[in-house]
Amino acid sequence: MHSLIKKIWIVGNPSGSETRQTQPMVFDGSLEIVIAEHAGFSLLTSQNRLDYSEGIFLGGQISQRISLELKPGARLIFIKVDPWVLGPSSHRPLHELQNRCTPLLTVLPDLHRRLVRLRPGTSPALIEMVINHWIETESRRPEKAALAAYAVRQLSNTADEPKRTKRQLLEALSISSRTLEGAFATMVGIPPTRFATLARLRAITEKLIYEGTPDSLTRVAMDHGFFDQAHFSRAIKTFSGTHATAITDQALFVPNSQEGFRIFTIQ
């Protein structure tokens, strides 16, 4: 797996007649190149419904409750990529793409031209090769992207409270808050403090779902930069609509970030 491609995952609806839906997804800081085959899909938020047909899209940052709904027979291939890899070449600022899928042709037309040549059913390995080649030969790396990449790594340190982490980052880099906010708007797609908070929510949900822990929820929350369990509970409830004590793989749709590849079938 190329170091700038974080994960490939596939979700399918094998039903020939029923539309099927996932549980709410949880932010992980990545952008998603989404290839929809055989049928369309929808993104369901607390406020609206966004419908998509077959095609190739760029999925933006998730900053609210969102579930996937797949039409009968639909198959979606998701390629997770660090945002600063795509941001410099994007024809649109990434902050405009939050909580939606945008046709890749309007965002990264050269990458779209390469992917659209592939036939439906192309192996994930070949799709990965095409994207890797584009990253290595066409993707630009301006200074703002390097700043965003470094800042994301620091803000993903889940031990500290997000605002304190941001202050420490500004001091270490000797930059203004405005400079950091600008880099995140174009290279990451979500404000830095919001990124840090959502990264902590993701880390806790993965720990509870995939690792289990003998620690109390209060201890886990405090270890990830929340003041107490109530602070964490309010944050996860606002974001996903799920109570903290009910976090399981049945309540949230959270692909394991430690896996490089996974296939999900919606039953």
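Structure values in brief
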{"quantity": "Qualifying residue in the stretch 252-264 (condition: more than 25 Å from GLN21 (Cβ to Cβ), assigned to a loop (DSSP other than H, G, I, E, B) and open to solvent by less than 70 Å² (accessible area, probe 1.4 Å))", "calculated": "yes"}
{"quantity": "Per-region count, the stretch 242-251, residues open to solvent by 20 Å² or more (accessible area, probe 1.4 Å) and of a type in the set (A, V, I, L, M, F, W, C)", "calculated": "2"}
{"quantity": "Filter result for THR197 (within 23 Å of ALA251 (Cα to Cα), out of contact with any strand residue (DSSP E or B) (no Cβ under 7 Å at 6 or more places or on another chain) and of a type in the set (S, T, N, Q))", "calculated": "yes"}
{"quantity": "Odd one out for LYS7 among (1) open to solvent by 10 Å² or more (accessible area, probe 1.4 Å); (2) of a type in the set (Lys, Arg); (3) part of a strand (DSSP E or B)", "calculated": "(1)"}
{"quantity": "Hey, GLY59 at pLDDT 95 or above, crowded, with 22+ Cβ neighbours inside 10 Å and within 30 Å of ASN157 (Cβ to Cβ) or not", "calculated": "yes"}
{"quantity": "Every residue from the stretch 150-202 that is open to solvent by less than 60 Å² (accessible area, probe 1.4 Å) and among the polar types (S, T, N, Q)", "calculated": "SER156, THR158, THR165, SER176, SER177, THR186, THR193, THR197"}
{"quantity": "Residue among PHE239, PHE226 that is over 26 Å from GLN21 (Cβ atoms), open to solvent by less than 20 Å² (accessible area, probe 1.4 Å) and not polar (S, T, N, Q)", "calculated": "PHE226"}
{"quantity": "Criterion: part of a strand (DSSP E or B) and in contact (Cβ under 8 Å) with a residue 24 or more places away in the chain - qualifying residue of ILE33, ILE62", "calculated": "ILE33"}
{"quantity": "Any hit, the stretch 169-185, residues being under 23 Å from ARG153 (Cα atoms), out of contact with any Pro (no Cβ under 7 Å at 6 or more places or on another chain) and in contact (Cβ under 8 Å) with a residue 40 or more places away in the chain", "calculated": "no"}
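A quick yes/no check of all residues on (1) crowded, with 20+ Cβ neighbours inside 10 Å; (2) among the small types (Gly, Ala, Ser); (3) touching a Cys at 6+ places or on another chain (Cβ under 9 Å):
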| site | (1), (2), (3) |
| --- | --- |
| GLY16 | no, yes, no |
| VAL26 | yes, no, no |
| GLY29 | yes, yes, no |
| ILE35 | yes, no, no |
| SER42 | no, yes, no |
| SER67 | no, yes, no |
| ALA74 | yes, yes, no |
| VAL85 | yes, no, no |
| LEU94 | yes, no, no |
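The values are calculated or read from the model by the stated rules, or taken from the named source; none is laboratory data. Only a predicted model underlies this, so the values are computations on that prediction, with no experimental measurement involved. FYI the Cβ positions are ideal-geometry reconstructions off the backbone, even for glycines, and counts take in every protein chain you see. To get the accessible areas, we keep the full protein, side chains included, count just its heavy atoms, and leave off ligands, DNA and RNA. Shrake-Rupley method; radii C 1.70, N 1.55, O 1.52, S 1.80 Å.
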